[in-house]
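The values are calculated or read from the model by the stated rules, or taken from the named source; none is laboratory data. Note that the structure is predicted; figures quoted are calculated from it, not measured. Cβ coordinates were reconstructed from backbone atoms using ideal geometry, including for glycine residues, and neighbour counts include every protein chain displayed. Please note that ligands, DNA and RNA were not included when accessible areas were found on the heavy atoms of the full protein model with its side chains. Shrake-Rupley method; radii C 1.70, N 1.55, O 1.52, S 1.80 Å.
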Amino acid sequence: MLSQLMVLFGFFALVLVSVYWVNRAVVLFDRLIADGHSAGVFLEFSALSLPSVIALVLPMASFAAAVYVTNRLSSESELTVVQSLGYSPWRLARPVLIFGVLIAAMMAMLTHVLVPASLEQLRLREREISGSLTARLLREGVFLHPSKGVTFYIRDISDRGELSDVLLSDRRQPGREVTYTAEKAYLIRDDDGPKLAMVEGMAQTLDLETERLSTTNFADLTYDVSALVTQAGVGRRKANFVPTWELLTRTDAVAEEVNDEPGEVLEEAHMRFQNPLLCIVAALIGYSGLMVGGYSRFGVTKQIVGAIFLLVVVKLVESGVTDPVRANARLWPLVYLPSVVGFGIAFGLLWTASRPFRPKRGATQEAPA
């Protein structure tokens, strides 16, 4: 039974990860390729987002595997045969529990190590590519907006890196708009940052208040473009980037760094312990929910729907404790309430399934002599 659970878990995990990963990859593709980055950057970002996707689907995959295996054993009457040999639902739950513990160990490795490390690396790579001058500016025949109030256009880029027919419109200064046009231009770097050297061009300055236009012809002009490739917005860490030990031991310092409340930091830390427990809960509910009904020629559709409903109840409890924990850090034990509720549901279902069948009083009567 354990081997069947692991095989089916691998199948469901692969399917669910593929679905979620493709959805995220489409968003990444639109964002990165539209900004001029290469396919290699897209593949790197997709790989770095994969651990968080896997952690998202593991509980669902463990639940689906437990339901599928139990349903198949029931439909093929294997559970009936085994139970007739004296195996109780508690005894049959052992491989399901072992299966849940194995999946929980995988989840713990993801939540405590792989997901924070991948997200931190993703943050650093985003910071690097946000300052990529080539990806931001060097695109032929496209009107780019590398910064608010700035429009940049290049008709052609030669093999030597020469830019032809350049247009740069700067509207960042209130009441004033400056438009630069040049036949040729070059991107150069120095100690003060990247510069755009324009040759044989004209600068048109429009005063928006007086609507007066003045023009200046120039043989060469240097424009500072370092402000167009700033790295703002990616320097601050988030709580899910921080290692678990640091979240637990430096709660206040981390909360100040990531601009969150201490309750939010503690919730993130303890959710990394709660999520592995949820994998065990999902597997046990999937198994015990189908054991309650026993064998039926009409299948166990009602039991499957009931098991899904019970798992939804556990997730509702998880949603219900989120706000109190975030508001008051001392209520962090409530993070584990969904697992407590889930284990209680599984225990109740197994206890019900293990009770011997007792016909109702008066259901059978002795035949008259």
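Within the stretch 175-198, the only residue that satisfies the criterion of being modelled with pLDDT under 85 and under 26 Å from Glu211 (Cβ atoms) is Gly175. Of all residues in the stretch 128-156, those satisfying the criterion of being modelled with pLDDT under 80 and assigned to a strand (DSSP E or B) are Leu144, His145, Pro146, Ser147.
Inside the stretch 183-202, residues that are open to solvent by less than 90 Å² (accessible area, probe 1.4 Å) and out of contact with any strand residue (DSSP E or B) (no Cβ under 9 Å at 6 or more places or on another chain) make up a count of 1. List the pairs whose first member sits in the stretch 239-257 and is within 17 Å of Gln121 (Cβ to Cβ) and touching a residue at least 40 places away in the same chain (Cβ under 8 Å), whose second member is open to solvent by 30 Å² or more (accessible area, probe 1.4 Å) and acidic (Asp, Glu), and whose Cβ atoms are under 7 Å apart, counting only residues at least 6 apart or on separate chains? Once the first residue is within 17 Å of Gln121 (Cβ to Cβ) and touching a residue at least 40 places away in the same chain (Cβ under 8 Å) and sits in the stretch 239-257, its partners that are open to solvent by 30 Å² or more (accessible area, probe 1.4 Å) and acidic (Asp, Glu) give Asn240/Glu268; Phe241/Glu120. Within the option set Ala367, Ala329, being modelled with pLDDT under 90, of a type outside the set (Val, Ile, Thr) and buried (at least 17 other Cβ atoms within 10 Å of the Cβ) holds for one residue only, Ala329.
When the helices (runs of 4 or more DSSP H) confined to the stretch 1-96 are screened for residues that are open to solvent by less than 70 Å² (accessible area, probe 1.4 Å), modelled with pLDDT under 75 and within 28 Å of Pro276 (Cβ to Cβ), those reaching at least 2 such residues are found at 2-34. Note on the stretch 151-174: among residues that are under 38 Å from the mean Cα position of the chain (by Cα) and over 17 Å from Gly141 (Cβ atoms), the one that is surrounded by the fewest Cβ atoms within 10 Å (Cβ to Cβ) is Arg172.
Might you check whether a residue that is open to solvent by 70 Å² or more (accessible area, probe 1.4 Å), at pLDDT below 75 and closer than 30 Å to Val142 by Cα occurs anywhere in the stretch 112-127? First the steps, then the outcome.
The first filter runs over the stretch 112-127 and keeps only residues open to solvent by 70 Å² or more (accessible area, probe 1.4 Å), leaving 113-114, 121, 127.
Imposing the further condition that a residue be at pLDDT below 75 reduces the set to 127.
From what's left, closer than 30 Å to Val142 by Cα: 127.
Yes, the stretch 112-127 contains at least one residue that is open to solvent by 70 Å² or more (accessible area, probe 1.4 Å), at pLDDT below 75 and closer than 30 Å to Val142 by Cα.
Taking the conditions (1) of a type outside the set (Asp, Glu); (2) at pLDDT below 90; (3) surrounded by fewer than 21 Cβ atoms within 10 Å (Cβ to Cβ) in turn, Val313 satisfies each one other than (2). Each residue in the stretch 252-280 was checked for being in a helix (DSSP H, G or I), modelled with pLDDT of 85 or more and either among the charged types (D, E, K, R) or within 25 Å of Val340 (Cα to Cα) (or both), and 20 pass.
If the condition is being farther than 15 Å from Ala182 by Cβ and in contact (Cβ under 8 Å) with a residue 24 or more places away in the chain, then the stretch 198-219 contributes Thr205, Leu206, Asp207, Leu208, Glu209.
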